[in-house]
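Visitor: My structure is below; once you've seen it, I'll send some questions.
The values are calculated or read from the model by the stated rules, or taken from the named source; none is laboratory data. These numbers come from a predicted model, not from an experiment. Ideal geometry is used to build each Cβ from the backbone, glycine not excepted, and the neighbour counts take in all protein chains shown.
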Amino acid sequence: MIMNTKTEEKFFRVLMFLSTIFIVGVLLLIVVSVLYKGLPSLSFTMLTSIPKGGFYFGEEGGILNAIIGSIYLSLGATFLAFIIGWPIALYMNVYLVKHHSLVNAIRFVFDVLWGVPSIVYGAFGFILMVFLGVRASLLAGIITVSLFIVPIMVRAIDESLKSVPRGLLESALSLGSTRSEISYRIFSREAFQGIITAILLSFGRAIGDAASVLFTTGYTDRIPTSLLEPSATLPLSIFFQLSSPIEAVQDRAYASATVLISMVLVISLLSRFIGNRRN
Amino acid sequence: MNNKISIHNLCLSIDRQPILKNVSLNIPTNKITVILGPSGCGKTTLLKSLNRLTDLIPGVQQSGEILLDGVNILNGNQDLVDIRQKMGLLAQRPYPLPMNIYKNITYGLRISGRRNRQFLEKRVEHYLKMVNLWDEVKDRLKDPASALSIGQQQRLCLARGLAVDPEIILADEPTSSLDPISSKLIEEKFLELKSQYTIVLVTHILRQARRMADYVVFMYLGEVIEQGTPDELFNNPQHPVTKSYLSGQFY
Ligand SMILES: Nc1ncnc2c1ncn2[C@@H]1O[C@H](COP(=O)(O)OP(=O)(O)OP(=O)(O)O)[C@@H](O)[C@H]1O
Ligand SMILES: [Mg+2]
């Protein structure tokens with residue numbers, strides 16, 4: 001069959017349009033169905049109290065334990081991942097400029113690590129905990145999740161450092177800067193918005209992941225008061241409470257989903273907003 | 001003539017591809033040396049090898065000697081920060097640092113530990129006046145440097161380079177992204193500055209070379225074909241390639 005270019009173009013345009021509609025539709029469906037179930041149960045008590053009588057059976061109380069736990073966990077993991085990932089990305093782009101193939105190899109490694117499913121990180125964290133004799137705790141969760149998001153952090157910061165022009169590096173070197181001055185005073189500043197976006201992106205991944213915290217952070221009704229206590233998290237709050245036959249318990253799962261999806265949406269929009277301001 | 005820099009048999013290759021072939025030349029003190037030649041002949045590479053920016057190129061190999069005040073800067077045990085601080089670089093287009101105008105000028109001073117506020121303020125005014133930028137920016141020193149026009153940015157970059165008190169100015173087609181008026185300002189500045197600085201100017205604008213040069217180096221395909229005073233080179237070129245270049249047969 002011979003298609004002339006006009007029909008061909010029309011065909012692909014329609015195809016693209018339909019797939020876009022489909023994806024947007026699915027996304028809306030997810031958001032709407034979660035909100036439909038979750039919004040009615042989002043009361044003040046739900047957001048400000050911890051479950052009473054055990055999260056799996058108690059009909060009273062809310063999800064404050066999971067909200068606070070998730071925030072602690074994600075803040076801690078994002079902070080740790082930043083402390084590790086930021087210097088790596090700077091090292092790749094300021095120190096290793098001459099070693100192009102090495103930098104590409106490092107990028108490849110982080111891309112592979114980015115693709116490893118989070119349950120694998122969870123299992124790795126668990127093995128490590130058993131080896132060290134540590135119980136499931138906020139600290140173990142923070143370390144595991146930070147390992148899981150370091151590749152995201154590195155590659156996202158790396159992408160924004162990569163776009164810093166070579167001429168700026170040369171100018172800064174000509175002024176007598178050392179590499180570390182260039183890293184922290186110039187490259188980080190030049191790529192500042194990209195770095196903020198990377199942090200938000202990593203935070204979004206950290207807060208939404210269930211598999212990496214399953215064995216490592218545990219689950220509890222209480223709000224942790226130390227890094228060595230286990231902690232509830234929003235994804236596991238959904239996971240554990242949705243399977244309950246008790247409706248009040250299920251409500252807590254839907255409320256958690258609503259809170260989680262709102263947080264992730266806000267973070268995505270924020271990083272989009274910052275990313276756009278860069279241009 | 002007193003030579004600030006002498007280059008002996010400089011060879012530079014990238015991934016075994018020769019870029020500079022046996023370059024030997026002298027750069028006289030407190031004069032403007034113009035490097036002339038068609039696109040891709042290695043002018044930028046030669047200029048960057050002077051302050052060892054060529055070290056950044058993947059797969060680069062260099063041999064030969066570059067004597068700065070008689071000391072070879074190619075043999076590895078030199079403090080690169082020291083060498084680079086002696087040479088201000090003005091690139092083809094301006095790269096302002098991601099900070100405000102004031103901090104752009106003081107950056108080089110601050111990283112070498114000079115933080116006295118009054119001292120810095122005096123320096124900022126001095127160097128901005130030197131490049132005729134003071135009147136245009138004195139009320140907005142706290143604005144980001146990127147808010148300036150390209151011509152203003154280029155003058156800012158010149159001032160920033162001068163503020164670290166170099167002995168040599170390396171300029172790579174510094175007017176190529178500028179309008180005629182900004183270009184003229186930069187050219188005039190260079191003519192003034194040469195009493196205090198040794199200037200190496202890369203250009204492929206013949207008329208600019210004639211206006212500025214005290215000494216001319218003509219390069220072609222990675223080699224220095226001819227060098228001499230403007231009178232020798234422009235009015236009496238010896239080599240056929242130089243002749244055809246000067247008569248505009250290729251660029
Ligand atoms: N980073 C690099 N990697 C590979 N080749 C390079 C690199 N930099 C320069 N070259 C090559 O070296 C040669 C000389 O380049 P150079 O930039 O020095 O020329 P130029 O005389 O400054 O040209 P122009 O007038 O166009 O700026 C060119 O053939 C160029 O392709
Ligand atoms: Mg060039």
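Visitor: Report, by residue number, each residue of the range B:70-82 that is among the β-branched types (V, I, T) and at the interface with another protein chain (Cβ under 10 Å from one of its Cβ atoms).
Guide: Going residue by residue through the range B:70-82, those that are among the β-branched types (V, I, T) are B:71, B:73, B:81.
The answer is B:V81, and nothing else.
Visitor: Okay, moving on. Among the residues in the range A:112-125, are any assigned by TED's automatic domain parsing to the domain that holds A:D209, out of contact with any helix residue (DSSP H, G or I) (no Cβ under 8 Å at 6 or more places or on another chain), crowded, with 17+ Cβ neighbours inside 10 Å and farther than 25 Å from B:K86 by Cα?
Guide: Checking the range A:112-125: at least one residue is assigned by TED's automatic domain parsing to the domain that holds A:D209, out of contact with any helix residue (DSSP H, G or I) (no Cβ under 8 Å at 6 or more places or on another chain), crowded, with 17+ Cβ neighbours inside 10 Å and farther than 25 Å from B:K86 by Cα.
Visitor: Counting residues that are more than 26 Å from B:P240 (Cβ to Cβ), small (G, A, S) and in contact with a strand residue (DSSP E or B) (Cβ under 8 Å, 6 or more places away or on another chain), which strands (runs of 3 or more DSSP E) fully inside the range B:1-73 reach at least 1? Don't jump to the end; show me each part of the working.
Guide: Values: elements: B:3-14, B:17-28, B:32-36, B:60-68.
Here the list reads B:3-14, B:60-68.
Visitor: Now, a different point. When the range A:51-110 is examined, which residues are found to be of a type in the set (G, A, S) and within 30 Å of A:R222 (Cβ to Cβ)?
Guide: A:G53, A:G54, A:G58, A:G61, A:G62, A:A66, A:G69, A:S70, A:S74, A:G76, A:A77, A:A81, listed by residue number.
Visitor: Scan the range A:248-279 for residues that are surrounded by 19 or more Cβ atoms within 10 Å (Cβ to Cβ) and touching a residue at least 40 places away in the same chain (Cβ under 8 Å) and report the count. Let's see the steps before the verdict.
Guide: Kept after step one, since they are surrounded by 19 or more Cβ atoms within 10 Å (Cβ to Cβ), are these residues of the range A:248-279: A:249, A:251-260, A:263, A:267, A:271.
From the residues that got through so far, the ones that are touching a residue at least 40 places away in the same chain (Cβ under 8 Å) too are A:249, A:251-252, A:254-260, A:263, A:267, A:271.
Number satisfying all stated conditions: 13.
Visitor: Go through the range B:30-69 and report how many residues are within 14 Å of chain A (Cβ to nearest Cβ) and within 13 Å of ligand 2 (Cβ to nearest atom). Before you say what the answer is, go through the steps one by one.
Guide: Going through the range B:30-69, the residues within 14 Å of chain A (Cβ to nearest Cβ) turn out to be B:44-45, B:47-62.
Next, from what is left, pick out any that are within 13 Å of ligand 2 (Cβ to nearest atom): B:44-45, B:47-49, B:53-54.
Summing the residues that are within 14 Å of chain A (Cβ to nearest Cβ) and within 13 Å of ligand 2 (Cβ to nearest atom) in the range B:30-69 gives 7.
Visitor: In the range B:83-111, which residue that is assigned to a helix (DSSP H, G or I) and facing chain A (nearest Cβ under 8 Å) is nearest to B:L148 (Cα to Cα)?
Guide: Let us first name the residues in the range B:83-111 that are assigned to a helix (DSSP H, G or I), namely B:83-85, B:101-111.
Now restrict to residues that are facing chain A (nearest Cβ under 8 Å): B:84-85, B:107-108, B:111.
On the way: B:R84: 26, B:Q85: 25, B:Y107: 18, B:G108: 20, B:I111: 24 Å.
Within the range B:83-111, the match that is nearest to B:L148 (Cα to Cα) is B:Y107.
Visitor: Against the condition over 17 Å from the mean Cα position of the chain (by Cα) and within 14 Å of chain B (Cβ to nearest Cβ), how does A:F187 come out, does it pass? Quick ask: steps written out before the conclusion?
Guide: Working: over 17 Å from the mean Cα position of the chain (by Cα): yes; within 14 Å of chain B (Cβ to nearest Cβ): yes.
Yes.
Visitor: Which one of A:P245, A:P230 is closer than 19 Å to A:A206 by Cα, surrounded by fewer than 22 Cβ atoms within 10 Å (Cβ to Cβ) and assigned by TED's automatic domain parsing to the domain that holds A:A136?
Guide: On the way: A:P245 fails: closer than 19 Å to A:A206 by Cα.
Only one candidate passes the filter, namely A:P230.
Visitor: Does at least one position in the range A:59-78 carry a residue that is in contact with a Phe, Trp or Tyr (Cβ under 7 Å, 6 or more places away or on another chain) and touching a residue at least 40 places away in the same chain (Cβ under 8 Å)? It would help to see each step written out before you state the result.
Guide: Within the range A:59-78, the first condition is being in contact with a Phe, Trp or Tyr (Cβ under 7 Å, 6 or more places away or on another chain), and the residues that meet it are A:74, A:78.
Of the ones still in play, those that are also touching a residue at least 40 places away in the same chain (Cβ under 8 Å) are A:74, A:78.
Yes, there is a match, as at least one residue in the range A:59-78 is in contact with a Phe, Trp or Tyr (Cβ under 7 Å, 6 or more places away or on another chain) and touching a residue at least 40 places away in the same chain (Cβ under 8 Å).
Visitor: Still on this structure, I have one more. Over 14 Å from the mean Cα position of the chain (by Cα), more than 16 Å from ligand 1 (Cβ to nearest atom), touching a residue at least 40 places away in the same chain (Cβ under 8 Å) and at positive phi, is that true of B:D69? Working first, answer last.
Guide: On the way: over 14 Å from the mean Cα position of the chain (by Cα): yes; more than 16 Å from ligand 1 (Cβ to nearest atom): yes; touching a residue at least 40 places away in the same chain (Cβ under 8 Å): yes; at positive phi: yes.
Yes, satisfied.
Visitor: From the list A:I63, A:I88, A:I67, which residue is surrounded by 15 or more Cβ atoms within 10 Å (Cβ to Cβ), aliphatic (A, V, I, L, M), more than 20 Å from the chain's Cα centre (by Cα) and in the same structural domain as A:D158 (by TED's automatic domain parsing)? Explain how you work it out, then say what you get.
Guide: Details: A:I88 fails: more than 20 Å from the chain's Cα centre (by Cα); A:I67 fails: more than 20 Å from the chain's Cα centre (by Cα).
The conditions single out A:I63.
Visitor: Mind telling me which of the residues B:L80, B:L56 ends up being out of contact with any helix residue (DSSP H, G or I) (no Cβ under 7 Å at 6 or more places or on another chain) and within 13 Å of ligand 1 (Cβ to nearest atom)?
Guide: Answer to the selection: B:L56.
Visitor: List pairs: first in the range A:197-226 and outside the structural domain of A:Q241 (by TED's automatic domain parsing), second surrounded by fewer than 22 Cβ atoms within 10 Å (Cβ to Cβ), Cβ under 9 Å, 6+ apart or cross-chain?
Guide: none
Visitor: Taking only the range A:167-184 into account, find how many residues are at the interface with chain B (Cβ under 8 Å from one of its Cβ atoms), within 15 Å of B:L109 (Cα to Cα) and either assigned to a helix (DSSP H, G or I) or among the aromatic types (F, W, Y) (or both). Talk me through it step by step, then tell me what you get.
Guide: Pass one, the range A:167-184, residues at the interface with chain B (Cβ under 8 Å from one of its Cβ atoms): A:167-178, A:181.
Filter once more, so that each one left must be within 15 Å of B:L109 (Cα to Cα): A:171-178, A:181.
Going one step further and asking which of them are either assigned to a helix (DSSP H, G or I) or among the aromatic types (F, W, Y) (or both), we end up with A:171-174, A:181.
Here the count works out to 5.
The rows are residues; the columns are (1) within 30 Å of B:H8 (Cβ to Cβ); (2) surrounded by 18 or more Cβ atoms within 10 Å (Cβ to Cβ); (3) within 15 Å of the chain's Cα centre (by Cα); (4) within 16 Å of ligand 2 (Cβ to nearest atom).
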position	(1), (2), (3), (4)
B:K138	no, no, no, no
B:A147	no, no, no, no
B:Q152	no, yes, no, no
B:E167	yes, no, yes, no
B:L185	no, yes, no, no
B:L193	yes, yes, yes, no
B:Y197	yes, yes, yes, no
B:A209	yes, yes, yes, yes
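Let's see how each residue does on (1) within 19 Å of the chain's Cα centre (by Cα); (2) within 14 Å of another protein chain (Cβ to nearest Cβ); (3) under 12 Å from A:T216 (Cα atoms):
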position	(1), (2), (3)
A:P117	yes, no, no
A:L139	yes, no, yes
A:I143	yes, no, yes
A:I149	yes, no, no
A:L161	no, yes, no
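Visitor: Let me ask you something else. With the requirement that a residue be within 16 Å of ligand 2 (Cβ to nearest atom), more than 14 Å from every other protein chain (Cβ to nearest Cβ) and of a type in the set (S, T, N, Q), what does the range B:169-183 give you?
Guide: So the first thing to find is which residues in the range B:169-183 are within 16 Å of ligand 2 (Cβ to nearest atom), and the list is B:170-178.
Then drop every residue that is not more than 14 Å from every other protein chain (Cβ to nearest Cβ), which leaves B:175, B:178.
The one that is within 16 Å of ligand 2 (Cβ to nearest atom), more than 14 Å from every other protein chain (Cβ to nearest Cβ) and of a type in the set (S, T, N, Q): B:T175.
Visitor: Would you mind stating whether A:I106 is more than 30 Å from A:I186 (Cα to Cα), in a helix (DSSP H, G or I), without any contact (Cβ under 8 Å) to a residue 24 or more places away in the chain and away from every other protein chain (no Cβ under 14 Å)? Lay out the reasoning, then the answer.
Guide: On the way: more than 30 Å from A:I186 (Cα to Cα): no; in a helix (DSSP H, G or I): yes; without any contact (Cβ under 8 Å) to a residue 24 or more places away in the chain: yes; away from every other protein chain (no Cβ under 14 Å): yes.
Against the criterion (more than 30 Å from A:I186 (Cα to Cα), in a helix (DSSP H, G or I), without any contact (Cβ under 8 Å) to a residue 24 or more places away in the chain and away from every other protein chain (no Cβ under 14 Å)), A:I106 does not qualify.
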